[in-house]
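Structure record follows, encoded as structure tokens.
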């Protein structure tokens, strides 16, 4: 942590201005420094800070150094709005908010009402953008619906799955988005069949009733589309396997990472989509180089693929600022909306006046086999998901 503080000291400002406002560009992070969202926000924010440090080392943005101000949302929606106001009061030109729509929206809405751009670190609901916040809000990540659609189409084409059970954790918009994408894709897959569906809540200690319904099917389904996230995902997966259900389990990116696998010893036949691999097996060597840099700077390996969108958000915003020649909101938004397949380290990004998110993307497929995760394939859905379908 001392190393991280030292490296970023030149780019970080907590309240006191070192320069006049016209001599600096300020990025405000209204993110979770405490509470369960810290596990998602901190890695992505560390990656964002790496990109800021790179930009500053290369001469800055518009010839100015980027400074950073921070406020803790405490993984609380009410505190999120206060955190947004705090970084705006400290002079933020752009506001970075939490990884999840539900927890990042209060700060993003505060930025919107102040006429500022907001970037969700890695939120994956369509609401984390124009549809839920406003025309100045973006995400550096890929829609959860693309994850669900990817896992449906990939498992059908590459694993021969034909029967599916849909199990939705209704806790967050992200979870719903995964299943929405699955629902969009499944009817397009010839003889694929939904043999059952159920819901639960992330905080539920037991999903015994849902498991009983799965086990009462005439045959075990080829795949269970599990639409959930941490922390409740671990319990659900553990209970499914403890019940003797060996179906392929498909999930979204929210359960990427090996940090939780000791709770489900020897987990196998478990698949998730990722934008980049944290397991030193990414087909793009530049990603492996980034992972090494992340470890050098932070002292630890990336814990999940949610590190990467934080880097992407700063990257595309900075490119738009350079092209606009200003940090003025409408000019930067206009440049962002011109991006079509804009290259980034973790895949191309496209933004339009209709969608500030990605509705199609290449995903790596990570399989966990005998407790060990690794990349086994990659997949890009056959067509972008229409905005109208994303809003259903």
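No value in this document is a laboratory result; all are computed from the given coordinates. Keep in mind the model is a prediction, meaning the values are calculated, not measured. Cβ sites come from the backbone with ideal geometry, for glycine too, and all protein chains shown count toward neighbours.
Some values worked out for this structure:
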| read-out | value |
| --- | --- |
| FRET efficiency for residue 215 and residue 191, using Cβ-Cβ distance with R0 set to 30 Å, rounded to 0.05 | 0.80 |
| Cα-based radius of gyration of region 28-100 once divided by 2.2 N^0.38 Å, which approximates compact folds | 1.12 |
| Order of 301, 46, 256 under a 10 Å beta carbon neighbour criterion, fewest first | 301, 46, 256 |
| Spatial separation of Cα centroids for region 295-320 and region 105-151, in angstrom | 17 |
| Stokes-Einstein diffusion coefficient of the chain, Kirkwood radius over Cα pairs, 20 °C, 1.002 mPa s, in µm²/s | 101 |
| At R0 = 35 Å, FRET efficiency that the Cβ-Cβ distance of residue 199 and residue 340 yields, to 0.05 | 0.40 |
| Segments 331-339, 382-390 sorted - mean Cβ within 10 Å per residue, highest first | 331-339, 382-390 |
| Ratio of the Cα radius of gyration of region 293-346 to 2.2 N^0.38 Å, where N counts its residues | 1.38 |
| Counting DSSP beta bridges with both ends in the chain, the antiparallel % (nearest 5) | 30 |
| For region 122-236: rounded, prolate or oblate by the Cα gyration tensor [a/c cutoff 1.5] | oblate |
| Per-pair calculated FRET efficiency, R0 = 35 Å: residue 162 and residue 380 via Cβ, rounded to 0.05 | 0.95 |
| Principal axis dimensions, region 48-196 - Cα atoms, whole angstrom, descending | 57, 36, 25 |
| Whole-angstrom gap from region 35-103 to region 338-367, using each part's C-alpha centre | 21 |
| GNM result for the chain, Cα springs below 10 Å: residue of 92, 81, 209 fluctuating most strongly | 209 |
| Stokes-Einstein D (µm²/s) once Rh is taken as the Kirkwood radius of region 255-302 over alpha-carbon pairs, at 4 °C in 1.567 mPa s | 107 |
| Inter-site label distance for residue 301 and residue 388 at 7 Å from Cα along Cβ, in nm | 4.6 |
| For region 323-362, convex hull volume per residue from C-alpha positions, Å³ | 73 |
| For region 232-359, the fraction of alpha-carbon pairs in successive 10 Å shells from zero, as % | 11, 32, 27, 21, 8, 2 |
| Cα convex hull of region 325-392 - mean projected area over all directions, nm² | 7.2 |
